[in-house]
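Just below is one structure, and these are the notes that go with it.
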Amino acid sequence: MPIILMIQSYFSIFLFFSTSVILSSIIFFLSFFVSTKADDSEKLSAYECGFNPFLDSRNEFEIKFYLVAILFIIFDLEISFLFPFCSGCDLFNFSGFFSMIIFLLLLTVGFIYEWQKGALDWN
């Protein structure tokens, strides 16, 4: 008897999952068959800036591109840790709150360091 109760309790999840798979498959294949596939000269032209590239694509990038990418990853991780913390803030005790404050202070110190080193200046 417990297997029947388990199936009944998970039936809504199964129904939601199967409906989403069927609907997404219909939308995917419908857009594949209905869309136009004719390539024109505008679609095949240079993509990046509207003009043909001057140099080879294998040239070196400046270090500032990498620093900005690292900053993006750092602050993306900060936000991904901050949202769950804010949603369950009433469940934490003082040590959980204090550890998040330390985490945010360390990220702020890193941001100030990068700012002082000029990683955000585009000269």
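Taking the Cα centre of the stretch 61-123 as reference, the dipole from Cβ charges on Lys and Arg (+1) and Asp and Glu (-1) amounts to some 100 debye.
For chymotrypsin sites (Phe, Trp or Tyr not before Pro), the sites in the stretch 90-123 that DSSP calls loop and that have at most 11 other Cβ atoms within 10 Å are W122.
Treating r as the C-beta distance of M100 and F16 and R0 as 22 Å, the FRET efficiency rounds to 0.10.
Label point of D121 set 7 angstrom out along Cα-Cβ; within the stretch 62-91, amide nitrogens under 15 Å from it belong to 64.
Every read-out reported here was derived from the displayed coordinates using simple, explicitly stated rules and does not represent laboratory data. Everything quoted here is computed from the prediction, not taken from an experiment. Positions of Cβ are generated from backbone atoms using ideal geometry, with glycine treated the same way; all protein chains shown enter the neighbour counts.
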